[in-house]
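The values are calculated or read from the model by the stated rules, or taken from the named source; none is laboratory data. Computed from a prediction, not measured in an experiment: that's the story for all the values here. All Cβ positions, even for glycine, are placed from backbone atoms using ideal geometry, and neighbour counts span all protein chains on display.
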Amino acid sequence: MKAMILAAGRGERMRPLTDACPKPLLEVGGKPLIAWHLERLARAGFADIVINHAWLGAKIEAALGDGSRCGVRIAYSPEGEALETAGGIAFALGHLGDAPFLVVNGDIYCDFDVARAPGIAAQMQRDDLQAWLVLVPNPPHHPKGDFSLDGRRVSDGGAGGNTRHTFSGIGIYQPALFAGIERGSKAQLAPLLRAAMARKQVGGELHAGRWEDVGTPERLAALDVELQNMKPKQA
């Protein structure tokens, strides 16, 4: 199974930190944010990783190389101008193949067990699902959430007073979900997901573990302190 890390965003809320450094290369806990993803994916058995980039993409390639230092093989999908989430995924489909694939936002930190992804993908095939979303409890900066969860099915939460949760930025997708996007065009993910939800083709789960949307310098600094404190103390 292949995985994709989304790394094309400009990181406007992170300025001025991202004026000269792409957001995925900002360090937390002594290493670039994207390195935490690569190492977690490698430990889970993922060998082939696709990374898209736009803003300062050459710096991402220079820092990560072919991925061998993290135990993976990296294929890059340079966009020039960022194509948004769905557009970026559609642009990279040639690298991702015909089977379901895992996608992780490059600007989050999460301890979701990505080793479960192949099993989830198999279940998606059996249930004719086009997407599987990992949801999390709503953080203070996003109190209204994104989607509702009814058992293992996800809806847009527009009716019935169902509790809404926040999309973590981790999902498993069928390539067919992006078939209608012209390669190289900009496209958002949410409309595709809502259309698939209307067809009852989106599953998901609520992750109760650690998750952080590293969207501001303040949250970056707080996560850095947390991860530094988690390091084993040397005798």
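Looking at region 213-223, can you tell me whether even one residue there is at pLDDT 95 or above, closer than 15 Å to Asn105 by Cβ and not hydrophobic (A, V, I, L, M, F, W, C)?
Filtering region 213-223 down to residues at pLDDT 95 or above leaves none.
No, that holds for no residue.
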Item checked: Breaking point among (1) surrounded by 18 or more Cβ atoms within 10 Å (Cβ to Cβ); (2) farther than 15 Å from Ala3 by Cβ; (3) in contact with a Ser or Thr (Cβ under 9 Å, 6 or more places away or on another chain), for Leu129 -> (3)
Next item on the list: Scan region 104-142 for residues that are more than 20 Å from Asp156 (Cα to Cα) and in a helix (DSSP H, G or I) and jot them down.
Entry: Val114, Ala115, Arg116, Ala117, Pro118, Gly119, Ile120, Ala121, Ala122, Gln123, Gln125, Arg126
Check: Which one of these does Ala86 not meet: (1) assigned to a helix (DSSP H, G or I); (2) over 15 Å from the mean Cα position of the chain (by Cα); (3) not acidic (Asp, Glu)?
Finding: (2)
Next item on the list: Restricting attention to region 40-63, report how many residues are over 22 Å from Glu12 (Cα atoms), assigned to a helix (DSSP H, G or I) and in contact with a strand residue (DSSP E or B) (Cβ under 8 Å, 6 or more places away or on another chain).
Entry: 1
Checklist line | Criterion violated by Ala159 - all others in (1) in a loop (DSSP other than H, G, I, E, B); (2) modelled with pLDDT of 95 or more; (3) over 30 Å from Arg15 (Cβ atoms) satisfied | finding: (2)
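Return yes when Phe112 is under 15 Å from the mean Cα position of the chain (by Cα), surrounded by 18 or more Cβ atoms within 10 Å (Cβ to Cβ) and either within 27 Å of Ala222 (Cα to Cα) or in contact (Cβ under 8 Å) with a residue 24 or more places away in the chain (or both) and no when it is not. Step through it out loud before you land on a result.
Details: under 15 Å from the mean Cα position of the chain (by Cα): yes; surrounded by 18 or more Cβ atoms within 10 Å (Cβ to Cβ): yes; either within 27 Å of Ala222 (Cα to Cα) or in contact (Cβ under 8 Å) with a residue 24 or more places away in the chain (or both): yes.
Against the criterion (under 15 Å from the mean Cα position of the chain (by Cα), surrounded by 18 or more Cβ atoms within 10 Å (Cβ to Cβ) and either within 27 Å of Ala222 (Cα to Cα) or in contact (Cβ under 8 Å) with a residue 24 or more places away in the chain (or both)), Phe112 qualifies.
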Check: What about Asp107, is it modelled with pLDDT under 95 and touching a strand residue (DSSP E or B) at 6+ places or on another chain (Cβ under 9 Å)?
Finding: yes
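Looking only at region 1-42, count every residue that is in contact (Cβ under 8 Å) with a residue 60 or more places away in the chain and either touching a Ser or Thr at 6+ places or on another chain (Cβ under 6 Å) or under 17 Å from Cys110 (Cα atoms) (or both) and tell me the total. Don't jump to the end; show me each part of the working.
If we filter region 1-42 for residues that are in contact (Cβ under 8 Å) with a residue 60 or more places away in the chain, which is where we start, we get 1-11, 13-14, 17, 23-24, 26-30, 33-34, 36-37, 40-41.
Okay, now just the ones that are also either touching a Ser or Thr at 6+ places or on another chain (Cβ under 6 Å) or under 17 Å from Cys110 (Cα atoms) (or both), so 3-7, 11, 13, 23-24, 26-30, 33-34, 36-37, 40-41.
Total meeting the criteria: 20.
Is one or more of the residues making up region 208-219 touching a Cys at 6+ places or on another chain (Cβ under 9 Å), outside any strand (DSSP E or B) and not aliphatic (A, V, I, L, M)? Talk me through it step by step, then tell me what you get.
Keep residues of region 208-219 that are touching a Cys at 6+ places or on another chain (Cβ under 9 Å), which gives 209-212.
Of the ones still in play, those that are also outside any strand (DSSP E or B) are 209-210.
Now narrow it down to the ones that are not aliphatic (A, V, I, L, M): 209-210.
Yes.
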